1. Starting from residues that are over 29 Å from F47 (Cβ atoms) and touching a Leu at 6+ places or on another chain (Cβ under 9 Å), keep the ones in segment 118-145 and report whichever is surrounded by the fewest Cβ atoms within 10 Å (Cβ to Cβ).
2. Say we look at segment 49-71 and pick out the residues that are assigned to a helix (DSSP H, G or I) and in contact (Cβ under 8 Å) with a residue 40 or more places away in the chain; which of these is surrounded by the fewest Cβ atoms within 10 Å (Cβ to Cβ)?
3. Assuming V125 fulfils every condition listed in (1) farther than 26 Å from N52 by Cβ; (2) in contact with a helix residue (DSSP H, G or I) (Cβ under 7 Å, 6 or more places away or on another chain); (3) assigned to a helix (DSSP H, G or I) apart from one, which condition is it?
4. Mind checking which residues of segment 75-98 are small (G, A, S), without any contact (Cβ under 8 Å) to a residue 40 or more places away in the chain and surrounded by 15 or more Cβ atoms within 10 Å (Cβ to Cβ)?
5. Working only within segment 75-119, note down all residues that are among the hydrophobic types (A, V, I, L, M, F, W, C), outside any helix (DSSP H, G or I) and modelled with pLDDT of 95 or more.
Amino acid sequence: MTEEHYNEPDIQPEEEDNGEGAVEIYSKWAIRGFSILSPIFGGALLFINLKNVGYKKAAYNALLASIGYFFLSAIVASLFRLNVGFLPLLINYLGGVFLTEVFFKKHFPDDDYYPRPIWSALAIVIAIQFGIFFALYYSGLLPAEVMKALKQK
């Protein structure tokens, strides 16, 4: 070996990150906020995050966890009559906290990501909520007091 070989540094200098190839993800606060409406919505945002960065198995686990949390919390809320006032919103928010503390924190430990705008996701959620409302309204499955209030002028 030549002497030149011994003088070369063993560690190559790190290349400067110019943001190319960076993926925008929904923030943990966006996930928690959407979870207030339903943990499934927060789980869908987390699913998109994980899938976009290549954690396919974790993405499906997060989505399944959000669906499981939704059904489990609905059962518990019914059994203990916790579905009045702000309690359902609090229970849903805790689902968002669960998702961000377990999945988001594990796969995105540093807060060094590019936040993705929430507007398209918000439009989709609003469309889904209106769709559910109109389906319940036209099927007559809304509670009687809600139907009565909607028919009053």
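1. Among them, the one singled out is Y137.
2. Step by step, filter segment 49-71, then rank; the result is N61.
3. (1)
4. Correct list: A77 only.
5. Answer for segment 75-119, where residues must be among the hydrophobic types (A, V, I, L, M, F, W, C), outside any helix (DSSP H, G or I) and modelled with pLDDT of 95 or more: just I118.
The values are calculated or read from the model by the stated rules, or taken from the named source; none is laboratory data. All values reported here derive from a predicted model rather than from experimental measurement. All Cβ positions, even for glycine, are placed from backbone atoms using ideal geometry, and neighbour counts span all protein chains on display.
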